[in-house]
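Undergrad: Dropping a structure here in structure tokens format, bear with me for questions.
The values are calculated or read from the model by the stated rules, or taken from the named source; none is laboratory data. Source: prediction; values computed, not measured. Counting neighbours? That spans all protein chains shown, and the Cβs are built from the backbone with ideal geometry, glycine included. The accessibility values were calculated without ligands, DNA or RNA, using every heavy atom of the protein model including side chains. Shrake-Rupley method; radii C 1.70, N 1.55, O 1.52, S 1.80 Å.
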Amino acid sequence: MGFEQIRLDKHEGIALLTLYRPDRMNAFTGEMMQEIITALDECDADDGVRAVIFTGHGEKAYCAGADLGAGAATFDYDKRADKQALLPDGTPASPIGEDGTIDWSHPLIRDGGGRVSMRIFEAKKPVLGAINGAAVGIGATMTLSMDARLASDNARYGFVFARRGIVPEAASSWFLPRLVGIQTALDWCYSGRLVPAAEAHEKGLVQSVHTQGELVDAAVAKARELTGDSAPVSVALTRHMMWRMLGAPHPMSAHRWDSRVIFARGRSPDAAEGVTSFLEKRAPNFTASVANDYPAFGEFEDAPPYS
């Protein structure tokens, strides 16, 4: 399908998703949110795609954060003029009742950046970020559920929420401390200061730093390294198992899931091919499809409802 605020280019197994708002430093909007989700749906369903790389258009910004075009009402969603119509299902657009009570489960309250982070979290293909410049606000937090972040040497991260009178969003209070530790996460979020690529690399947020001209090629090379010799369904399952077990209360949760997945994959043609190709000293030819053969175990993978 056609997109207005992103570009999606597929080449030799890699999908390059480019945030594309040249006149607004690729600032985030509700339309961009929907297009990103749609593009990831498309990539998950396309067995020709082995990995997805996010980047931004141009050399100045990956994403400058939320589009502040609505001024002071930018984050006051129930007052935004563009939010006053009924939702598609007929739900009143405002979560605030006539008596002043707030329906906290109302879909309008749900954070749009969080929708993107959760969709990346749920992806069945590895997702990498090629952070080509300023990554501020949602431009920073949307990258946290990616599997790796490579940055240009002019990249800057900004967790600037407290400076805008709000708080970190996009589930970043879950992701960021797990990536860089609680002390660094609090430092960056309390102060809202801009974090240069070198510091982001030192603290473990960024895997490597590159010149602008080398960045996307380096991300593509990393994506091929991650996926080139591995079974696509195994990569998809491993991605979900690793991420979800970060929040598991006990290693028994991992043991129960491991056992189910090993049993299911052991019966697949990929397992036979993996062993045979090793013994025959040749490259494997894995045939199972992520779109059609992914063995789901709902008790481990089903997300709790938003409410």
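Undergrad: Calculate what fraction, in whole %, of the accessible area of the chain sits on carbon and sulfur atoms when a 1.4 Å probe is rolled over the protein chains.
TA: Result for the chain: 55 percent of the exposed heavy-atom area is carbon or sulfur.
Undergrad: Moving on. Taking only protein heavy atoms and a 1.4 Å probe, what accessible area per residue, in Å², does the chain have with all protein chains in place?
TA: 50 Å²
Undergrad: Another question, then. Can you list residues from other chains, or at least 5 along the same chain, whose modelled amide H is less than 5 Å from the amide H of S208?
TA: Correct list: A151.
Undergrad: When only C-alpha pairs under 8 Å and at least 6 residues apart count, what is the relative contact order of the chain, in percent?
TA: 16 percent
Undergrad: As I understand it, the value is the acute angle between the Cα axis of helix 232-245 and the longest principal axis of the Cα atoms of the chain; what does it come to in degrees, rounded to 10?
TA: Roughly 50 degrees between the two axes.
Undergrad: A further question follows. State whether segment 112-151 is rounded, prolate or oblate according to the following rule on the C-alpha gyration tensor (a ≥ b ≥ c being the square roots of its eigenvalues): a/c under 1.5 gives rounded; otherwise a/b larger than b/c gives prolate, and the remaining case gives oblate.
TA: oblate
Undergrad: Now for a different question. Using the Cα atoms as the points, what is the convex hull volume per residue of segment 210-260 in Å³?
TA: Once divided by residue count, the hull of segment 210-260 is 95 Å³.
Undergrad: 5 Å is the cut-off here: which amide hydrogens, built 1.01 Å from N in the peptide plane, fall below it relative to R156, excluding neighbours closer than 5 in sequence?
TA: Excluding prolines and chain starts, which carry no amide H, the hits are G133, A134, A135.
Undergrad: Please state the charge dipole magnitude for the chain, taken about the Cα centre, from unit charges on C-beta atoms (+1 on K and R, -1 on D and E), reported in debye and rounded to the nearest 20.
TA: 680 debye
Undergrad: How far apart, in nm, are the 7 Å Cα→Cβ label points at F263 and L246?
TA: Distance between label points: 2.9 nm.
Undergrad: What nm value, rounded to one decimal, do you get for the distance between D153 and E59 when each label is placed 7 Å out toward the C-beta?
TA: Reported label-point gap for D153 and E59 is 1.2 nm.
Undergrad: Here is a follow-up. How many lysine pairs in the chain, separated by 8 or more positions in sequence or lying on different chains, have Cα atoms less than 23 Å apart?
TA: 8
Undergrad: Once you have the Cα-Cα distance between H11 and D187, take 0.36 nm times their residue separation minus that, and quote the gain in nm to one decimal. Each step should come with its number before you reach the end.
TA: Working: separation 176, 0.36 × 176 = 63.36 nm, distance 3.95 nm.
In short, 59.4 nm is gained.
Undergrad: Now, a different point. Quick one: order W174, W104, W257 from most to least accessible surface, probe 1.4 Å. Working shown, then result.
TA: On the way: W174 80, W104 165, W257 0 Å².
Ranking W174, W104, W257 by accessible area, largest first, yields W104, W174, W257.
Undergrad: Additional query: How large is Rg/Rh for segment 185-285, to two decimals, with Cα atoms and a Kirkwood Rh?
TA: Rg divided by Rh gives 1.11.
Undergrad: Another question, if that's okay. Using R₀ = 41 Å, calculate the FRET efficiency as 1/(1 + (r/R₀)^6) where r is the Cβ-Cβ separation of A272 and S208; round to 0.05.
TA: On the way: r = 36 Å, r/R0 = 0.88.
According to the calculation, E is roughly 0.70.
Undergrad: Considering only protein heavy atoms, with the full assembly of protein chains and a 1.4 angstrom probe, order M25, M146 by accessible area, largest first.
TA: The ordering from most to least exposed comes out as M25, M146.
Undergrad: Could you sort R164, R149, R7 by their accessible area in this structure, using a 1.4 Å probe and putting the largest first?
TA: R164, R7, R149
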